[in-house]
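Participant: Below is one structure. I have some questions about it.
The values are calculated or read from the model by the stated rules, or taken from the named source; none is laboratory data. Predicted model, so just to flag it, every value in this text is computed and none were measured. Cβ: placed from backbone, ideal geometry, glycine included. Neighbour counts: every protein chain shown.
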Amino acid sequence: MDYFEIEGGRRLSGTVTASGSKNAALPILFATLLCPAKVRLRKVPRLHDIKTTLSLLEGVGARVSREGETVEIELAKLSSTEAPYDLVRTMRASVLMLGPLLAREKSARVSLPGGCAIGSRPVDIHLTALEQMGAELKLEAGYIVGNCPRGLRGAEINFRFPSVGATQQIMMAASLAAGRTVIRNAAREPEIENLGGFLRAMGAKISGDGTAEIVIDGVPALSGAEFEVMFDRIEAATLLLAGPITGGSTRVQGMETDCLEAFLGVLRKSGVAVNSGEGWVEAAAGAASHGADFETQPHPGYPTDLQAQMMAFLAQANGISRVSETIFENRFMHVPELVRMGADIRVEGGQAVVHGKPGCYQGTTVMATDLRASASLVLAGLVAKGTTRVRRIYHLDRGYESLESKLSSLGGAVVRKPE
Ligand code: EPZ
């Protein structure tokens, strides 16, 4: 297992380019199960979760080839409709195979994803909606076994919570279902719109993606397409914090501001100067920093995937911040590690109270627990006095493409080392 060794205290400044989005690429890759013809996807990031997804697609008979950031997939005929436990357990998003397999082959056997560090991660919203579309689902030895001998049919679906994954699941399943599906209280994340764009490129009849009500009219078959994955807004925002946390500035190019408004608003409230132009955003340390309260919410609210990173920043700002996590039940695991580095953070119920103090961080050895918590520890290490070792960075490799080289290009001293 590798770890990062970070020499703190350097001011980071410069320009980096955002990679393609992990959370847009994963559902788009699963959507290729719906199409028998060749599909070409550009800006697919080189990440562990992408590798896992391509293995799952090959496992059902897809021919996969990769050239840099471009991936080609062709699945003329399926050899299996199973997503095995040993792959699914490493990546919860694999549950998104269920809808496409049912839509294309009328059967599916997908391992239950199980929980992860940040929560139990149930999939009840996915399953209830698929049953409304005519799928017969049962749980057998840890697998979801699904059949729909007469094919899926359109339905009026009201989500009790705007689940990102469940919205993507039903958009894909409904693309080939008989009749109209309406999803109400749908998730509105930008990655949902990106998936909608890809499905339309293959000939699906979908409208309303990005709003709370999505309408899909099923079609008999989809055709091949070429499509570009959107930029990774979570990676971009993490990189935007790397400059200001060290007293410097970061410009991220290849990104748009309109899908990060809530994050940029909190950044401005904390005293960071934010500027933007055609396809780039810049964040620079202000003359003074302040605390800033925020609460994670479904899009367009503050993204839960940026909660840990912002907390690492606010712990060294000047003032008190109250951070509420409303999306996941256990997403403060970075707090004990940040406290070990010198942060003053107290968790009371679903809220963390951060008593920010400039210069609070001391380098030490810390342990990554989940993908975004790891990123918060790296950010703290950039500004800590002395050396910080972040262990178990395989969590980081799931969602950040060569983070160490991007941070080094900004002037950071971040080296990957084998345990
Ligand atoms: C997606 O997960 C992202 N993953 C997550 O990013 C992100 O944190 C999350 O959306 C929220 O924005 C991918 O896109 C691959 P949800 P997803 O369904 O789809 C509960 C990262 O770091 N829920 O919107 O699993 C669930 O337990 C990852 O990149 C149910 O109760 O998120 C959670 O509390 C982490 N029943 C809340 O809803 C269900 O059937 C949000 O889950 C589904 C979800």
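Participant: Please find, within region 287-336, the residue that is nearest to Ala237 (Cα to Cα) out of those that are within 11 Å of the ligand (Cβ to nearest atom) and assigned to a strand (DSSP E or B).
Facilitator: Across region 287-336, the extreme among qualifying residues is Tyr302.
Participant: Something else now. With respect to the numbered conditions (1) more than 19 Å from Ala373 (Cα to Cα); (2) over 20 Å from the mean Cα position of the chain (by Cα); (3) modelled with pLDDT of 95 or more; (4) part of a loop (DSSP other than H, G, I, E, B), which one is the sole condition not fulfilled by Val274?
Facilitator: It is condition (4) that Val274 fails.
Participant: Of a type in the set (Val, Ile, Thr), at pLDDT 95 or above and not assigned by TED's automatic domain parsing to the domain that holds Lys385: which single residue out of Ile245, Ile192 fits that description?
Facilitator: Numbers: Ile245 fails: not assigned by TED's automatic domain parsing to the domain that holds Lys385.
Sole residue among the options that is of a type in the set (Val, Ile, Thr), at pLDDT 95 or above and not assigned by TED's automatic domain parsing to the domain that holds Lys385: Ile192.
Participant: List pairs: first in region 123-141 and farther than 16 Å from Glu82 by Cα, second within 14 Å of the ligand (Cβ to nearest atom) and of a type in the set (D, E, K, R), Cβ under 7 Å, 6+ apart or cross-chain?
Facilitator: Cβ pairs passing all conditions: Ile125/Arg160.
Participant: Another question, if that's okay. Please count how many residues of region 82-93 are more than 24 Å from Leu371 (Cα to Cα) and part of a loop (DSSP other than H, G, I, E, B).
Facilitator: Residues meeting the conditions: 0.
Participant: Looking only at region 105-129, which residues are within 19 Å of Ala177 (Cβ to Cβ), more than 11 Å from the ligand (Cβ to nearest atom) and surrounded by 20 or more Cβ atoms within 10 Å (Cβ to Cβ)?
Facilitator: Ala108, Val110
Participant: Then there is this: Give the residues of region 36-81 that are assigned to a loop (DSSP other than H, G, I, E, B) and in contact (Cβ under 8 Å) with a residue 60 or more places away in the chain, sorted by residue number.
Facilitator: Answer for region 36-81, where residues must be assigned to a loop (DSSP other than H, G, I, E, B) and in contact (Cβ under 8 Å) with a residue 60 or more places away in the chain: Pro36, Ala37, Lys38, Lys43, Val44, Pro45, Arg46, Leu47.
Participant: Could you say which residue among Ile157, Ile183 is part of a strand (DSSP E or B) and closer than 23 Å to Arg233 by Cβ?
Facilitator: Ile183
Participant: Another question about this same structure. Do you know which of the residues in region 238-250 that are away from the ligand (no atom under 12 Å from the Cβ) and in a helix (DSSP H, G or I) is nearest to the chain's Cα centre (by Cα)?
Facilitator: My answer is Leu239.
Here is a yes/no grid of residues against (1) farther than 22 Å from Ala308 by Cβ; (2) surrounded by 19 or more Cβ atoms within 10 Å (Cβ to Cβ):
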position	(1), (2)
Ala221	yes, no
Val229	yes, yes
Ile234	no, yes
Ala237	no, yes
Leu240	no, yes
Pro244	no, yes
Gly248	no, yes
Val252	no, yes
Asp258	yes, no
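Participant: Which ones in region 69-91 are farther than 25 Å from Gly134 by Cβ, at pLDDT below 95 and either buried (at least 16 other Cβ atoms within 10 Å of the Cβ) or not acidic (Asp, Glu) (or both)?
Facilitator: Pro84, Tyr85, Leu87, Arg89, Thr90, Met91, listed by residue number.
Participant: Being in contact with a Leu (Cβ under 7 Å, 6 or more places away or on another chain) and touching a residue at least 60 places away in the same chain (Cβ under 8 Å) is the filter here; which residues of region 262-309 pass it?
Facilitator: Scanning region 262-309 gives Gly291, Gln309.
Participant: Is there a residue being within 18 Å of the chain's Cα centre (by Cα) and β-branched (Val, Ile, Thr) anywhere in region 171-190?
Facilitator: Looking through region 171-190, none of the residues is within 18 Å of the chain's Cα centre (by Cα) and β-branched (Val, Ile, Thr).
Participant: While we're looking at this one, here's another question. Given Leu96, Leu102, which one is modelled with pLDDT of 95 or more, within 13 Å of the ligand (Cβ to nearest atom) and either closer than 20 Å to His48 by Cα or part of a helix (DSSP H, G or I) (or both)?
Facilitator: Just a single option satisfies the conditions, and that option is Leu96.
Participant: Restricting the search to region 130-145, which residues are within 15 Å of the ligand (Cβ to nearest atom), within 17 Å of Glu105 (Cα to Cα) and not in a loop (DSSP other than H, G, I, E, B)?
Facilitator: Listed by number, the residues that qualify are Leu130, Glu131, Leu137, Ile144.
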